[in-house]
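Structure, as structure tokens:
The values are calculated or read from the model by the stated rules, or taken from the named source; none is laboratory data. On a predicted model such as this, the values are computed, not experimentally measured, just so you know. Backbone-built Cβ (ideal geometry, glycine too); neighbour counts: all protein chains shown.
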Amino acid sequence: MKVKLSSHMRPKTTLFMISSLDGKISSGDTDQLDVDRDWKKIRGVSEGMGQYYQLEQQTDLVSFNTGRVMAKVGINSRLPSTQRSQMSFVLVDNEPHLNERGLRFLASWLQRVYIVTSNKKHPAFRLKTELTNISTILLSKKMDFNKLFHIIAKDYGIKRMTIQSGGKMNARLMRDGLVDRISLVVAPLIVGGSTTPTLVDGEALHRVRELDKLVPLKLVKIEKLKHSFLHLTYKVIHKSRV
């Protein structure tokens, strides 16, 4: 039987994302399309993108993401950084999507890199003796994220973490009760497309008895930004607290 660990035993988490008005977090359904590259080119949207990046600078010093997202933004082709950030990343990467060059860049740029994987052949295992700020966390293929969040709090002292992963991962974490707050920047843009990634994807519900998987929210703040952007903050209503 799967035991759910108490929320006080894991980091406090905030899902921080930018989306279009119709909830899309990409410009389309291929890795060649990307918000950071594409939306800066769109008149009426580009003018306000800087506000999102300013808010991003105020997020937690530990960010949760995936190797796939890192590969999509070009991490694997970057040379080692000459400047070190204060940030640390927790990255889920099973494929692996990150190669040795990408890992070397991340190790040169970040305070710490935590690679979470079920792949025993992940290059991080080979590099971590050389790159001492890389840690590896090996999980089973089923990936118990409740257990993972407990590990990173207990073993690595991570108390707060910002989640910036893709729609499928966001769905998994939301339904596992591992998101405490949502900080969402809404761009004045309609993207469309039934296969375009959204803020929360994953498998749809099929039966009425699955309604307990829906995640209710409490609005904390609405902030009207410049150039028709909005910043919405919600608190997640955890079922254990109802």
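Here are the numbers for this structure:
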read-out: Selected residue (criterion: farthest from Ser63 (Cα to Cα)) from residues of segment 86-111 that are among the aromatic types (Phe, Trp, Tyr) and over 14 Å from the mean Cα position of the chain (by Cα); value: Phe105
read-out: Residue within segment 2-11 that is surrounded by 17 or more Cβ atoms within 10 Å (Cβ to Cβ), polar (S, T, N, Q) and modelled with pLDDT under 95 present; value: yes
read-out: Condition check for Lys159: out of contact with any Asp or Glu (no Cβ under 7 Å at 6 or more places or on another chain), surrounded by fewer than 17 Cβ atoms within 10 Å (Cβ to Cβ) and more than 25 Å from Asp36 (Cβ to Cβ); value: yes
read-out: Search result, residues across segment 104-118 that are of a type outside the set (Ser, Thr, Tyr) and surrounded by fewer than 16 Cβ atoms within 10 Å (Cβ to Cβ); value: Gln111
read-out: Complete set of residues in segment 132-142 that are exposed (fewer than 15 other Cβ atoms within 10 Å of the Cβ) and either of a type outside the set (Lys, Arg) or touching a His at 6+ places or on another chain (Cβ under 6 Å) (or both); value: Thr132, Leu138, Ser140
read-out: Residue in segment 212-242 that is surrounded by the fewest Cβ atoms within 10 Å (Cβ to Cβ), counting only those that are modelled with pLDDT under 95 and outside any loop (DSSP other than H, G, I, E, B); value: Arg241
read-out: Odd one out for Pro80, checked against (1) in contact with a helix residue (DSSP H, G or I) (Cβ under 6 Å, 6 or more places away or on another chain); (2) modelled with pLDDT under 95; value: (2)
read-out: Verdict on Gly193 being among the small types (Gly, Ala, Ser), more than 22 Å from Ser63 (Cα to Cα) and touching an Asp or Glu at 6+ places or on another chain (Cβ under 9 Å); value: yes
read-out: Residue check, Val191 in contact with a strand residue (DSSP E or B) (Cβ under 6 Å, 6 or more places away or on another chain) and hydrophobic (A, V, I, L, M, F, W, C); value: yes
read-out: Looking only at segment 174-206, and only at residues there that are polar (S, T, N, Q) and in contact (Cβ under 8 Å) with a residue 24 or more places away in the chain, the one that is surrounded by the most Cβ atoms within 10 Å (Cβ to Cβ); value: Thr198
read-out: Condition met for Leu61 (under 30 Å from Lys142 (Cβ atoms) and either surrounded by fewer than 17 Cβ atoms within 10 Å (Cβ to Cβ) or aliphatic (A, V, I, L, M) (or both)); value: yes
read-out: Scope segment 188-201; condition touching a Leu at 6+ places or on another chain (Cβ under 7 Å) and outside any loop (DSSP other than H, G, I, E, B); matching residues; value: none
read-out: Residue that is nearest to Ile152 (Cα to Cα), among those in segment 12-58 that are surrounded by 13 or more Cβ atoms within 10 Å (Cβ to Cβ) and of a type in the set (Val, Ile, Thr); value: Thr13
read-out: Residue that is under 20 Å from the mean Cα position of the chain (by Cα) and modelled with pLDDT of 95 or more, where the choices are Leu148, Leu127; value: Leu148
read-out: Residues located in segment 118-169, provided they are in a strand (DSSP E or B), under 23 Å from Asp201 (Cβ atoms) and without any contact (Cβ under 8 Å) to a residue 40 or more places away in the chain; value: none
